Amino acid sequence: MFKHSLRFSSLWVSGCVALAAFTSSTYAADELEPVFVSASRSTSIAESLPVGQLIIDRQTIEQSSATTLPDLLSEFGGVHTLKINADSNAGANVDLLGFGSTAGQNTLILLDGQRITPSDLSSVDFSAIPLNAIERIEILPASGSVLYGLGAAGGSINIVTREKYKTGSKIEVGGGSYQSRYGAVDGAVTTGQLSAFIAASAARADGYRDNSNSTLNNVFGNVRFQSNAATIYLSTVVKQQDLRLPGALPFNATDTSLRDDPTAASTPNNWSEDNNVTVLPGMSLSLTDQLTLITDGSIGRREQSFFYDDYFGGDFTSYTETQTDTYSVTPRLQWKVATGFLRHNLVAGVDLRNADYTSRIAHTEQTFDVPIHVVNMTQREHSHYVLDVIGITEKFSSTLGYRMSSVRTDGTDQYNAGAPAPTGSTDTQASPASQRLDTEQWQVGVRYFVTEVFDLFASVEESGRVANVNEIFEQKYDSGTATNFSTFDVLNAQNGRTYSTGANWRMAEQYSTLLFWQGDYDNEIIFNPASFENTNSDPTRRKGVSLNTRWQLDKTTWLTLAGSFQNATFRSGQYEGSNAPVVPEKTFFARFDWQLTSWVDLALAHTYVGSKYFENDQSNQFGQRIPSYRYTDVIARGHWRNLYGSLGVYNLEDKNNFDFGVSGASGNYNGYPLPDRHFRASVGMTF
């Protein structure tokens, strides 16, 4: 957008530093209004940005009927959790603003302001973050590109851990349908300036479907030391998961398994393993009453393995192992500065992120020592940004932000033509690839408090995204020559501009958020099932409205309502006017919470997800859609002294639903069934 963007943004940052230094001795800290602009645990960017922020506080988390983070997030309008695995949140992608199957790459997930969205197509390790470690969750629809960076086209979700934990420990066991069972322990201590928490859990399940058994082990640690001038904190996330992959079930003239035998598996031998360790250290140092230096970082390793069998009578099997090493350093400065009658709350920083990826592709696990391909890729990102929330009057503020990101990707492929391979297969070595992409993100917005409990907001935000390592290296088939070949696809950077406006209001024990949005996106990075490759799509548009409201009806009852209407279409090109696949037009959620006695609570929740077009039906000519579905959950919880327990029945109506499907020829399609009626129970004790 800006011809001299790098020089412009560098001058802006330099000017802000000089301005802070000049004014810090002129204005006392108590003369500045406390409008927060950090994303640390103690302050919230969501308090000041001109967006339809949704804050899930501790009380809401405890009252929710959800047992996992994806289920909790899907209780809010404008948020949809796309599930492929029937009774596991492995592979769940949280979708803001309707990105469908690419939601995981367009909704940025953070833990205490540090991104935990993987650098490949893996899913976020939601299961490794225990709900009782969370203080609040900040959902920022259509926002986060300036503060957090690439991959926030739909918005960002920041999971904020507790600032101080109550000293004690807990043990919990549970189980339910499909031979599921789990155990969890945690402990916390807070003494003086130190607060620490550690949790471990193990879960096993046979699964709703054949070949859907899973093993999941998690460890989460969080420690925080706070003095008068400095705060040091460290989070650790460890996950080990073994997951069987039952595959999609067909619905066609000769096979109706999706409807009549939803527990079956189409890929009875496929499986995956996923091991991940991420460490996120950080430090906050108060340089003056007005100036704070925050330095966060992360280091992680993810090791994955996959086996895919051949189900067409040949030996075209594939075994792959990948290793991804990531690290980042993200220092930033925060100022509270007054210039005349203007009050600036400003943050400026630099993000450095690196990812090293190695993939070894073999015919089988037994021939892994002689791989067919060894793929090495690196991605290096450098970004710098500045965001200023300007208080113009007591009721009116404006927000200006700008970020410049540069990403360099390099890839090499070592192909061994003599390695064991499927009979009759052909392949080639991908030519080395190198690419540098520069993208700009910016935000302009205003917020006006009509009263202390009612405010209006409007914002325009430019977002960006670059292809990740899994989207660049591809193995393809040339139908003209009937040969396979490998390549590094150099894709353009995706960019989008989203307009949002709405209102927040609170009356007594009720609070609500109304949000309207429209976003235009160019070069959107998608997977095309027809050509079986990743590509830049024709221009798209997403627009919609969402409403979230929560009422405390009296001392013992609460009502939560959330819903959205949204539409995703192609603006031009081959599919102009058609709807984008896998985006539900309507979603609705309602929950009634009732405190029956001082020690028993009851929750009744109902979810509706509207119909959507199948994946691979960009033209909307398939003639069928993924059907709408609804389900009801009932959960009872009780506690007595240091004992507690819960019992939940899910999908009370016992509906046969599926959330994701791919269209084929002649009215045939495949889908991934969701579980039938099932239950979960747990008991625990606190110490």
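The values are calculated or read from the model by the stated rules, or taken from the named source; none is laboratory data. The structure displayed is predicted, hence computed values, not measured ones. Cβ sites come from the backbone with ideal geometry, for glycine too, and all protein chains shown count toward neighbours. Note: accessible area is taken over every heavy atom of the protein model, side chains too, but ligands, DNA and RNA are not part of it. Shrake-Rupley method; radii C 1.70, N 1.55, O 1.52, S 1.80 Å.
Numerical summary
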item: Projected area, mean over directions - segment 215-300, Cα convex hull, nm²; result: 9.5
item: Accessible surface of the chain, 1.4 Å probe, proportion on carbon and sulfur as whole %; result: 57
item: Whole-number percent relative contact order across segment 105-214, with pairs defined as alpha carbons under 8 Å at least 6 apart; result: 21
item: Computed lengthening from Leu602 to Gln574, 0.36 nm per intervening residue step minus Cα-Cα distance; result: 5.0 nm
item: Per residue solvent-accessible surface (Å²) - segment 148-274, probe of 1.4 Å; result: 42
item: Shape parameters for segment 139-242, alpha-carbon atoms, Rg then Dmax in Å; result: 18.3, 57
item: Ordering of 162-170, 509-517 by packing [mean C-beta count within 10 Å, highest first]; result: 509-517, 162-170
item: Ranked order, Phe457, Phe368 - accessible area, probe 1.4 Å, largest first; result: Phe368, Phe457
item: Accessible-area order (highest first, 1.4 angstrom probe) of the listed residues Leu140, Leu456; result: Leu456, Leu140
item: Euclidean distance between Cα centres, segment 250-305 to segment 568-634, Å; result: 22
item: Cut-off 12 Å between beta-carbons: net charge of the residues surrounding Thr358, Lys and Arg +1, Asp and Glu -1; result: -3
item: Accessible area per residue, Å², segment 284-343 with all protein chains present, probe 1.4 Å; result: 48
item: Cβ-Cβ FRET estimate between Arg497 and Met685, R0 fixed at 56 Å, reported to 0.05; result: 0.60
item: Label corresponding to mean projected area of the Cα convex hull in nm² when calculated from the structure given, among (1) 30.0; (2) 51.8; (3) 78.6; result: (1)
item: Accessible area (Å², 1.4 Å probe, nearest 10) - Arg465; result: 10
item: Listed peptides 578-587, 314-323 by packing density, highest first (mean Cβ within 10 Å); result: 578-587, 314-323
item: Cα centroid separation, segment 59-84 to segment 147-170 (Å); result: 15
item: For segment 598-687, share of DSSP beta bridges that run antiparallel, in % to the nearest 5; result: 95
item: Area of Arg204 that stays accessible when all protein chains are in place (1.4 Å probe, Å², to 10); result: 80
item: Net dipole in debye of segment 471-586 [+1 Lys, Arg Cβ; -1 Asp, Glu Cβ; about Cα centre; nearest 20]; result: 700
item: Candidate residues Glu474, Glu533, Glu365: accessible-area rank, largest first, probe 1.4 Å; result: Glu365, Glu533, Glu474
item: Normalised convex hull volume, segment 460-591, alpha-carbon set, Å³ per residue; result: 145
item: Whole-Å semi-axes of the ellipsoid equivalent to segment 274-329 (Cα gyration tensor, √5λ, descending); result: 46, 8, 7
item: Cα centroid separation - segment 418-446 against segment 198-222, whole Å; result: 32
item: Paramagnetic reach from Phe368 (point 7 Å along Cα→Cβ, amide N under 20 Å) across segment 296-325; result: 301-310, 316-325
item: Accessible area of Met507 in the full protein assembly, 1.4 Å probe (Å², nearest 10); result: 110
item: Computed over the chain: relative contact order in percent, which uses C-alpha pairs under 8 Å that are six or more apart; result: 12
item: DSSP-loop chymotrypsin sites (Phe, Trp or Tyr not before Pro) across segment 542-635, with at most 13 other Cβ within 10 angstrom; result: Trp599
item: FRET efficiency, 1/(1 + (r/R0)^6) with R0 22 Å, evaluated for Phe449 and Gln510 via beta carbons; result: 0.80
item: Relative contact order (%) - segment 474-560, alpha-carbon pairs under 8 angstrom, separation at least six; result: 24
